[in-house]
């Protein structure tokens, strides 16, 4: 399951759309089977964590 982090990090709706556009550009540059690349795009552009970071307190 994905968890949203810093949900309101973007100050305006245009910044949110820009982050989404940047995410799509990022994933189009990934190999279709490279989950590390896709996860990196999620974290970098949408601030979404896949839950695999074990250092996060429960």
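The values are calculated or read from the model by the stated rules, or taken from the named source; none is laboratory data. If you're wondering where the values come from, they're calculated on a predicted model, not measured in any experiment. Heads up, the Cβs are rebuilt from the backbone with ideal geometry, glycines too, and the neighbour counts pull from every protein chain shown.
A count restricted to region 33-54 and to residues that are under 10 Å from the mean Cα position of the chain (by Cα), on the phi < 0 side of the Ramachandran plot and either modelled with pLDDT of 80 or more or surrounded by 14 or more Cβ atoms within 10 Å (Cβ to Cβ) (or both) stands at 11.
Considering each of 30, 26 in turn, give the residue that is part of a helix (DSSP H, G or I), surrounded by 14 or more Cβ atoms within 10 Å (Cβ to Cβ), out of contact with any strand residue (DSSP E or B) (no Cβ under 7 Å at 6 or more places or on another chain) and modelled with pLDDT of 90 or more. On inspection, the qualifying residue turns out to be 26.
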